[in-house]
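Undergrad: Supplied in structure tokens, the structure appears directly below.
The values are calculated or read from the model by the stated rules, or taken from the named source; none is laboratory data. In this text the structure is predicted, and so the values were computed from the model without any measurement. Cβ sites come from the backbone with ideal geometry, for glycine too, and all protein chains shown count toward neighbours.
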Amino acid sequence: MRLLSRYFIREMILPFFFSLLMITFLLFINFLLRAVDRFLGKGLEVLTILEYLFLNLAWIIALSVPMAVLLSTLMTFGRLSEDNEINAMRASGIGFLSIIRAPLLFGITIATLLITFNNFILPDMNFHARLLSGDIYRKRPGMNIEPGVFLDNLPDYSMIVGGKKGEIMSDVRIFSKGKQESQTSIHSKTGTLSTLADAFLLTLYDGEIHELENKDFTNYRRIIFDTHKIIIPADDLLLNRRDSSNRTDREMTIPMIIKKVNGYQKKLSVVQTRLKGAFYRTLGDSILPSSLEDGINIVAVARDSINSDTTFNKGALKKKERQLRSLERQVKNEFGLIGSYQKGKNKYTVEAHKKFSIPFACILFVLLGAPLGVMAKKGGFAVSTSLSFGFFLLYYVLLIGGEELADRNQVSPEMGMWAPNLVLLILALYLILHTIRERAPISILSFLKKKDLQVDTR
């Protein structure tokens, strides 16, 4: 069995890395086409662009790994089944459950590595990717100086150069803009541009400055210079890196998420205690309504009871009515806070479960891909890819739907994140059972096989 296990793992490694590379490449190209507008015309350094792409590669890999596991399992079992190796193993007395033991171990290994990646590497890369993305978004187009083209994105000046050779600009003309006390134009024969920590330094040689006051046009000055330096603020032109400690749910590790969830739970406890105190002071009973509607109904029942009580005089009734109205307003306010805190708590709880549910899907994709590969052995790579994409799309849709419902507090975070895995498990067990019985339950597989045979006969 050890020899068989090593054989299966060796057969799965190459298809896995091939699938991972192919899927990652396709997703990366799709991301690149959507993100290229972020840094076009910004004058960014090549290293900055590469850093931005590298940081976003993390979530692409996290998404690609489960699909690569499914595709590699389909390819491996499809090939082994087509070469009748699976039949030979079963004929020699090796059951199908024993055959998938080694691939299952492979899936567990990948799942473990993905859990580690999702918890320790992915959050930091998502965090720095978001910061860099924001910095790039705020950066104005850089100073791309072209001869004969006006450069108008400087804070206080417009500039045009007649020529440029290397770092030396010739026939440099600069004009002031905006609301200033005087209009200024500068002309120099040559000039250079250098970068300071947070500004540009424009050094001009052999030129003259013309100044004309806006309030008094008769006040004109002409200054001839050999060297003149202009410091141009460039807060929005240079890429300023931020160092923020605020992280979103997808940028946190499990300990960070647990701390955040506990914080929301403490806030919920404070609000619930305050609400019970309000009911006790008004109705004499520490009631904690299960919902806003329940709280409003309790107040309504209390109001009806008081109105029907003949022992209350007119003044006491008015006082009690004011108390009930105050309690009703507080119930609405407190449940507004409860809803907000519960939504925040659910969001972080969902992310914590997602860090484990998606890697666990790798194991289920092995259980699903093994019988599918045996059934679709005649379809080759095309069928494997189609089935992988179809089942992964189903899983991803269920995952996104579960996350959305959990965020809205319509289902629990546990159910939202683990229900797609439960669907995969049921499908996998169903297919494994029919594979053991040597029956193909899925009609589409038969359709794909017939179509493939028709193509071969032509």
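Undergrad: Mind telling me which of the residues Phe25, Phe106 ends up being at pLDDT 90 or above and loosely packed, with under 13 Cβ neighbours inside 10 Å? Give the derivation first.
TA: Working: Phe106 fails: loosely packed, with under 13 Cβ neighbours inside 10 Å.
From the options Phe25, Phe106, the qualifying one is Phe25.
Undergrad: From the list Gly344, Gly339, which one is touching a residue at least 60 places away in the same chain (Cβ under 8 Å), in a helix (DSSP H, G or I), among the small types (Gly, Ala, Ser) and touching a Phe, Trp or Tyr at 6+ places or on another chain (Cβ under 6 Å)? Write out each step before concluding.
TA: On the way: Gly339 fails: touching a Phe, Trp or Tyr at 6+ places or on another chain (Cβ under 6 Å).
Matching residue, one of Gly344, Gly339: Gly344.
Undergrad: Tell me yes or no: at least one residue of the stretch 362-381 is surrounded by 23 or more Cβ atoms within 10 Å (Cβ to Cβ) and within 21 Å of the chain's Cα centre (by Cα).
TA: Scanning the stretch 362-381, I find at least one residue that is surrounded by 23 or more Cβ atoms within 10 Å (Cβ to Cβ) and within 21 Å of the chain's Cα centre (by Cα), so the answer is yes.
Undergrad: In this structure, does Tyr341 turn out to be farther than 30 Å from Thr24 by Cα and aromatic (Phe, Trp, Tyr)? Quick ask: steps written out before the conclusion?
TA: Numbers: farther than 30 Å from Thr24 by Cα: yes; aromatic (Phe, Trp, Tyr): yes.
Against the criterion (farther than 30 Å from Thr24 by Cα and aromatic (Phe, Trp, Tyr)), Tyr341 qualifies.
Undergrad: Taking Phe117 as the residue in question, decide whether it is exposed (fewer than 14 other Cβ atoms within 10 Å of the Cβ) and not charged (D, E, K, R).
TA: Taking the combined requirement at face value, the residue does not satisfy it.
Undergrad: Next question, about the same structure. Return the only residue of Ser64, Ser72 being of a type outside the set (Phe, Trp, Tyr), without any contact (Cβ under 8 Å) to a residue 60 or more places away in the chain and under 19 Å from Ala111 (Cβ atoms).
TA: Ser64
Undergrad: Another question about this same structure. Considering only residues that are outside any loop (DSSP other than H, G, I, E, B), modelled with pLDDT under 90 and not hydrophobic (A, V, I, L, M, F, W, C), which ones fall in the stretch 283-302?
TA: none
Undergrad: Related question: Write out, first by first residue and then by second, each pair whose Cβ atoms fall under 7 Å of each other, whose residues are 6+ apart or on separate chains, and whose first residue, in the stretch 82-104, is within 15 Å of Ala428 (Cβ to Cβ) while the second is of a type in the set (Lys, Arg).
TA: Listed by first residue and then by second, the contacts come to Phe96/Arg90.
Undergrad: Taking the condition of being exposed (fewer than 13 other Cβ atoms within 10 Å of the Cβ), of a type outside the set (D, E, K, R) and not in a strand (DSSP E or B), how many residues in the stretch 151-173 meet it?
TA: Qualifying residue count, the stretch 151-173: 1.
Undergrad: Those residues that are small (Gly, Ala, Ser), assigned to a helix (DSSP H, G or I) and either under 23 Å from Val261 (Cα atoms) or touching a strand residue (DSSP E or B) at 6+ places or on another chain (Cβ under 9 Å) (or both), I need them from the stretch 404-431; list them, please.
TA: Applying the first criterion (small (Gly, Ala, Ser)) to the stretch 404-431 yields 406, 412, 416, 419, 428.
Checking the rest, the ones that are also assigned to a helix (DSSP H, G or I) come to 406, 416, 419, 428.
Passing the criteria: Ala406, Gly416, Ala419.
Undergrad: Another question about this same structure. Could you tell me whether the stretch 321-339 includes any residue that is of a type in the set (Asp, Glu), out of contact with any His (no Cβ under 8 Å at 6 or more places or on another chain), outside the structural domain of Gln410 (by TED's automatic domain parsing) and surrounded by 15 or more Cβ atoms within 10 Å (Cβ to Cβ)? Working first, answer last.
TA: As a first pass, look at the stretch 321-339 and keep what is of a type in the set (Asp, Glu): 321, 328, 334.
This time we only want the ones that are out of contact with any His (no Cβ under 8 Å at 6 or more places or on another chain), so: 321, 328, 334.
Remaining after also requiring outside the structural domain of Gln410 (by TED's automatic domain parsing): 321, 328, 334.
Keeping just the survivors that are surrounded by 15 or more Cβ atoms within 10 Å (Cβ to Cβ) gives 328, 334.
Yes: the stretch 321-339 contains one or more residues that are of a type in the set (Asp, Glu), out of contact with any His (no Cβ under 8 Å at 6 or more places or on another chain), outside the structural domain of Gln410 (by TED's automatic domain parsing) and surrounded by 15 or more Cβ atoms within 10 Å (Cβ to Cβ).
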